[in-house]
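Some notes on the structure that comes next.
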Amino acid sequence: MIDKILDTIWEHKLLHSGDTVTVALSGGADSVALTHALFVLSQTLQITVKAVHVNHCLRGAESDRDMAFVKDFCDNLAIPLKIFMIDIHKIAADTKQGIELAARNARYACFASLDDAGKIATAHNQDDLAETVLLNLIRGSGTNGMQGIPLQRDHIIRPLLYVSRDEIMQYLKDNHLSFVLDSSNISDIYTRNKIRHHVMPVLKQINPAFLQSVTALSRNAAEDEAFIQKTADALLRSGASLQQLQMQPVPVLKRYIKSLCKGIGVPLESKHLQQALQVLIAGKGKCQLPNDNFFWIEKQTVRVGRPLKAEPFCLPLKEGICATPYQTYRIKIIEKKDEFENVHNLLFKNQIDYDKISACSVLRSKRDGDSIRLWNRKCTKSLKKLFNEQKIPCDDRFRLAVIADETQVFWCERFGVSETAAVSETTKKILLIEITNEQE
């Protein structure tokens with residue numbers, strides 16, 4: 001076992017000369033073996049070994065017994081020990097978490113609070129790894145779940161991860177090391193215990209090399225996942241265009257979407273991921289994500305978050321620069337020439353018969369019920385129907401401006417002028433409206 005731990009530390013560079021490592025010591029077989037092994041290897045590795053114990057106060061006298069055992073064990077080896085006592089029942093109630101999750105989060109919070117702890121070593125072993133892979137498989141996890149337990153995450157390391165529970169028990173026997181038993185590990189209340197007590201023995205019987213097989217699967221999955229994630233991260237950092245993204249394989253796109261959402265704190269379930277993937281592949285549309293967030297495509301760009309809510313605007317219709325929250329317009333009133341140019345450019349220029357519009361006309365956002373009889377169309381349609389026909393995204397509609405009075409719409413951005421206000425042979429003054437980048 002010592003050789004396996006040493007090979008794992010060196011191969012994966014878990015520890016370096018001069019490092020401090022603090023072992024999460026519960027008093028159980030795994031953590032006792034790890035603490036003793038690192039103590040034995042401390043001179044070879046030139047490291048300082050410490051320990052931390054978290055008393056969850058869940059098992060009454062048994063929890064106190066574990067704490068006393070850990071203290072004696074560390075005293076005998078002259079290993080510095082830090083003890084935390086936390087009320088998990090209260091924390092679980094306050095945070096509305098299950099006992100297992102609350103305990104895990106509390107433990108890692110204690111680890112994070114340690115000063116000069118260096119690396120934190122937890123005693124997860126090869127059997128734990130296999131159990132986790134099976135749990136993730138049952139829950140329908142993908143490649144990421146097949147990794148099981150990572151060998152290292154940030155400052156947390158797991159030197160025992162490729163050592164089996166049988167090897168650990170043999171090590172304890174060979175070195176005459178005692179340990180404590182956690183009674184909660186005996187009960188089948190927890191799913192992990194059911195797998196440990198009933199599923200794992202059968203799988204080991206079917207394939208004596210089952211642990212080695214799962215370990216190989218885990219390592220291969222980790223390598224594949226790292227490559228796919230690296231590709232997705234590169235696309236995210238480079239600001240890849242929609243066209244570039246659509247050329248990528250689905251696994252890369254899924255990681256891209258996950259990373260994009262994670263960056264703004266949006267959690268994803270598999271159904272959300274699949275819906276977002278469909279939007280990305282189609283290059284259009286929108287889907288809802290948790291917490292009132294959305295995933296959508298806007299102007300050939302992927303967007304995630306909460307779209308801007310409609311901000312109605314209404315400005316006096318006057319000559320000069322008129323700026324709405326979304327666009328800036330230049331309005332001119334000019335004399336019509338004898339040879340006038342009747343141009344209705346839907347994006348940049350529109351001409352309106354100034355004398356045919358009301359003196360109380362305004363430049364405003366669309367309102368429910370707005371309709372217009374467009375010049376040369378010979379029919380009246382609601383703006384909603386026009387927007388639908390032209391497939392104008394819902395998020396863009398409230399940004400478009402109209403010129404209207406209390407009774408009718410004379411002009412609508414992207415569609416042009418109404419028949420009522422169109423320039424004709426009798427027109428004397430023209431109101432010209434153009435989109436511009438100018439400021440007042």
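Computed values, structure above
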read-out	value
Cα lying deepest toward the dipole's positive end in the chain, options Gly140, Cys110, Ala93, charges on Cβ	Gly140
Cubic angstrom per residue, convex hull over Cα atoms of region 239-305	75 Å³
Computed helical MRE - 222 nm, the chain, DSSP H runs ≥ 4 contributing -39500 (n - 2.57), nearest 500	-12000 deg cm²/dmol
Computed E for Ser358/Leu203 - FRET, C-beta separation, R0 60 angstrom, nearest 0.05	0.15
Amide proton proximity set for Thr20, modelled H, under 5 Å, gap of 5+	Thr48, Lys119
Under 5 Å, built H, 5+ apart or other chain: amide partners of Phe410	Ile403, Ala404, Asp405
Sites matching GluC sites (Glu not before Pro) across region 390-437 that sit in DSSP coil, with at most 10 neighbouring C-beta atoms within 10 Å	Glu406, Glu425
Under 21 Å from Lys119, Cα to Cα: lysines that are on another chain or at least 8 residues apart	Lys4, Lys13, Lys50, Lys71, Lys82
Lys, Arg +1 and Asp, Glu -1 on Cβ, resulting dipole of region 182-227 about Cα centre, debye, nearest 20	220 debye
Lys/Arg +1, Asp/Glu -1 at C-beta; the chain dipole; positive extreme among Leu81, Phe39, Leu129	Leu129
Likely footprinting exposure, Val417, Val133, fewest C-beta neighbours within 10 Å first	Val133, Val417
Ranking of Ile228, Ile79, Ile352 by count of other Cβ atoms within 10 Å, fewest first	Ile228, Ile79, Ile352
C-alpha long axis of helix 99-113 to longest principal axis of the chain, angle in °	90 degrees
Radius 12 Å from Cβ of Leu77, net charge of other residues (Lys, Arg +1; Asp, Glu -1)	0
Length-normalised contact order of region 2-217 in % [C-alpha pairs under 8 Å, at least 6 apart]	24 percent
Semi-axes of the equivalent ellipsoid for the chain, Cα gyration tensor, largest first, Å	70, 22, 20
Under Karplus coefficients 6.51, -1.76 and 1.60, residue-wise ³J(HN,Hα) of region 404-412 in Hz, glycine/proline x	7, 10, 6, 10, 7, 9, 9, 7, 9
Percent of Cα pairs exceeding the 27 Å cut-off, where the set is region 314-435	11 percent
Within the chain: Cβ-based charge dipole about Cα centre, in debye rounded to nearest 20 (Lys, Arg +1; Asp, Glu -1)	1460 debye
Semi-axis lengths (Å, descending) of the ellipsoid that matches the C-alpha gyration tensor of region 189-279	36, 17, 11
Region 44-66 and region 397-440: distance between their alpha carbon centers, rounded to Å	76 Å
Proximal lysines to Lys262, defined as alpha-carbon separation beneath 25 angstrom and excluding residues fewer than eight positions away on the same chain	Lys96, Lys230, Lys254, Lys271, Lys284, Lys286, Lys299, Lys309
Size of electric dipole in region 2-217: Cβ of Lys, Arg +1 and of Asp, Glu -1, about Cα centre, debye, nearest 20	460 debye
Nearest 10 degrees, 0 to 90: helix 61-77 Cα axis against the chain principal axis	70 degrees
Cβ-based exposure ranking for Leu129, Leu400, in which fewest neighbours within 10 Å come first	Leu400, Leu129
Relative contact order (%) - the chain, alpha-carbon pairs under 8 angstrom, separation at least six	11 percent
Rounded to 10°, Cα long-axis angle of helix 29-45 versus longest principal axis of the chain	90 degrees
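Read-outs throughout are calculated quantities, based only on the coordinates presented, and are distinct from any laboratory measurement. Predicted model only: the values in this text are computed from it and were never measured. In this analysis, Cβ positions are derived from the backbone assuming ideal geometry, glycine residues included, and neighbour counts consider all displayed protein chains.
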